[in-house]
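Computed from the coordinates by the stated procedures, all read-outs in this text should not be read as laboratory data. Here the structure is a predicted model, which means the values were calculated and not measured. A quick note on method: Cβ atoms are made from the backbone with ideal geometry, for glycine too, and the neighbour counts reach across all protein chains shown.
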Amino acid sequence: MSADPHEPALVLSGATKSFGANLAVDGVSFSLAKGHVHALLGGNGSGKSTLIKMLAGVERGDGGTVAIRGHSIPLAEMTPARATAAGLRFVHQQRSTFPELTIAENLAIGGNGFPVGAGGRVRWRAARREAARVLAKYDIDAHPDQLLGELGPARQAMVAIARALQTGHADNGILVLDEPTVSLPDTEVRLLLDAVRRHADQGQTVLLVTHRLEEVFSVADNAILLRNGQLVAEVAPRSITRADLVELIVGRAVDEIAPDTSAERGPIVLEAQSLCAGPVGPVDLTLHAGEVVGVAGLVGSGRSSLLKSLFGVLPIESGSVRLHGTALRLGTPRDAMRAGIAFVPENRAEDAAFQELSVNDNMSVAVLLDYWRGGRLRAGVQRRDARDLLSRFLIKAQSVDESLSALSGGNQQKVIVSRWLRRAPQVVLLDEPTQGVDVGARHEIYLLIREAVEAGAVALVASSDSEELAAICDRVLVLRGGRIVGELSRDELTSSRVERLAHGQEKEVTL
């Protein structure tokens, strides 16, 4: 008997999960229609990640079921093997592909394995043929023998999606994409979303987890909204305004516009002349007190490297850096910290967060010596200051003793930002400060950045999100090939101009 074409691809009923006294997912029920893109939305801590882990069998549910093709599985009994057998396919934010291997090797590792012949030898010609078939099926412009790392970020993500789908069937499986565009520049985002839309038009059911609302309006047929672990709404993006969607996500009206950027520009704080470091240079840079300066550019343009060189992470090979007219030696991060420079890196998980330590420890790690007196740690004062920071930076945590890993991504990011801003730095370097952060926490981070510069600091913000840069910056420097190829002032600053300069589609602006 053929399947009913109107039967939902997936039906989730009463999904529930607690961690101690914290009810992370509270009786969530929804269904996914075949051949549609469903956006799963919610603020940090809303329950999205826990729900995805329950569907994947990584976290056992306390209650509820998931039904796929009429076959019901209790969430308390879900395992990764059962999820795969049921037709669930996952592409996570931290992809498990291998850039240093070929596309054919990546597809074989994530699919049916390598074809082998006599004596267990790999049949490479057959592996390449199968890879070519998969690439053609999913409209990926690449060759099986190419190293995956040679592709742009969007095509690498497309290969990861093809790898997940190659052993399933579009008409009865569900593809779950967890923040697939989180680190992609705008043009790469469009390329990937076009591919997602094609998959859905060909019958694939997609559940897309994202914080980027523009993606919801451009590709999603339906939006499922969670807040505080509960389902609060299901809406069609075409029938709702952006402001209303933001209010549903956050639970209150939120002004998405960044804080006012019309503050008076103060004296020069930081200057770099003919700076060369790794892939960057030569670069001339002048930063004034009271301003937020953006750094734009494609992947590999040198955005992150520029910030790392100013914090002593990447060795400066030539050129000079001056702070208030005094030459700096930035051989190590300690040198930068002593000079009053702070750095929030792009990769929070690997380079900034101590996940298993407490919120208190994470907040105080950059000022730890301040709490030592006579060979003893003044733990009471440390904890009192941490509680004050929770309030000041609007961080949601049960207590300062809670493990950082227990916090949502947005609250973890605010802990990292608070770690540095409590030092009242003169220069604040922020690399992708709102990556993977919900719209409410994003606005709060913007406020914190503006508060710091109004106190006399200067902020240098690197971001792949040109709309973010256009919203929060007083001016934006555009890098290409390690050089500054343009500077856009507040009056001429638009996301489209940033993108055109980054891609070399607009004449370089002489500085």
Helical mean residue ellipticity (222 nm; -39500 (n - 2.57) per DSSP H run of 4+; nearest 500) of the chain | -9500 deg cm²/dmol
Size of the dipole of the chain about the Cα centre, Lys and Arg at +1 and Asp and Glu at -1 on the beta carbon, nothing else charged, in debye to 20?
-> 1240 debye
Once both axes come from the Cα atoms, what is the angle between helix 153-165 and the longest principal axis of the chain, in degrees from 0 to 90, rounded to 10?
-> 30 degrees
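Compute, for segment 10-250, the length of the dipole vector about the Cα centre, with Cβ point charges of +1 (Lys, Arg) and -1 (Asp, Glu) only. Units Debye, rounded to 20.
Details: 25 positive and 24 negative charges, 157 e Å.
Charge dipole, segment 10-250, about its Cα centre: 760 debye, nearest 20.
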The extension gain from residue 335 to residue 467, computed as 0.36 nm times the residue separation minus the Cα-Cα distance, is 44.2 nm
In vacuo Debye scattering of segment 10-250, one point per C-alpha: log10 I(q)/I(0) at q = 0.10, 0.12 Å⁻¹?
-> -0.49, -0.69
For segment 10-250, percent of DSSP beta bridges that are antiparallel (nearest 5) comes out at 55 percent
Using label points projected 7 Å from each Cα along Cα→Cβ, tell me how many nm separate residue 320 and residue 350, to one decimal.
-> 3.6 nm
Mind giving me the FRET efficiency for residue 424 and residue 496? R0 is 35 Å, r the Cβ-Cβ distance, nearest 0.05 is fine.
-> 0.45
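Note the full-extension length gain between residue 402 and residue 379 as 0.36 nm times their separation in residues minus their Cα-Cα distance, in nm to one decimal. List each step's numbers first, then the result.
Values: separation 23, 0.36 × 23 = 8.28 nm, distance 1.53 nm.
Result: 6.8 nm gained on full extension.
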Among 433, 398, 369, whose Cα lies farthest out toward the positive end of the dipole of segment 366-443, if unit charges sit on the beta carbon of Lys, Arg (+1) and Asp, Glu (-1)?
-> 369
Within straight cross-link reach of residue 48, meaning Cα distance under 19 Å, which aspartates and glutamates are found once same-chain residues fewer than 8 apart are removed?
-> 26, 59, 62, 178, 179, 214, 215, 221, 234, 247, 438
Give me the distance between the Cα centres of segment 47-96 and segment 128-166, rounded to whole Å.
-> 26 Å
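For residue 218 and residue 276, what is the calculated FRET efficiency with R₀ set at 30 Å and r taken between the beta-carbons, to the nearest 0.05?
Numbers: r = 40 Å, r/R0 = 1.32.
Calculated value: 0.15.
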Of the listed links 137/414; 53/414; 308/414; 137/308; 53/396; 308/396, those spanning more than 32 angstrom between alpha carbons are 137/414; 137/308
Taking the dipole of segment 122-180 about the Cα centre (Lys, Arg +1; Asp, Glu -1; charges at Cβ), the one of 156, 136, 124 that reaches farthest to the positive side is 124
Taking the Cα centre of segment 356-511 as origin, work out the dipole magnitude from +1 charges on Lys and Arg Cβ and -1 charges on Asp and Glu Cβ, in debye rounded to 20.
-> 640 debye
Rounded to the nearest Å, the spacing of the alpha-carbon centers of segment 318-383 and segment 176-232 is 37 Å
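What are the chymotrypsin sites (Phe, Trp or Tyr not before Pro) within segment 265-365 that DSSP puts in a loop, where the Cβ has at most 16 other Cβ atoms within 10 Å?
Working: sites: 311, 343, 354; in loops: 311, 354.
Answer by residue number: 354.
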Under a 5 Å amide H to amide H cut-off, with H placed in plane at 1.01 Å, what residues pair with residue 40 once short-range neighbours are removed?
-> 208, 209, 210, 224
Segment residue 13-residue 112, extension gain: residue separation times 0.36 nm, minus the distance between their alpha carbons = 32.4 nm
Roughly what % of DSSP beta bridges within the chain run antiparallel, to the nearest 5?
-> 55 percent
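Any idea what diffusion coefficient the chain gets from Stokes-Einstein, in µm²/s, Kirkwood Rh on alpha carbon pairs, 20 °C, 1.002 mPa s? Display every interim value, and only then the final one.
On the way: Rh = 24.6 Å.
The estimated diffusion coefficient comes to 87 µm²/s.
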Quick one: give the max-minus-min coordinate of the C-alpha atoms of segment 90-213 along each principal axis, largest first, in Å.
-> 53, 32, 22
If each of residue 145 and residue 71 carries a label point 7 Å out from its Cα toward its Cβ, how far apart are those two points in nm?
-> 4.0 nm
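R0 = 22 Å: FRET efficiency of residue 125 with residue 198, Cβ-based, nearest 0.05?
Details: r = 29 Å, r/R0 = 1.31.
About 0.15, to the nearest 0.05.
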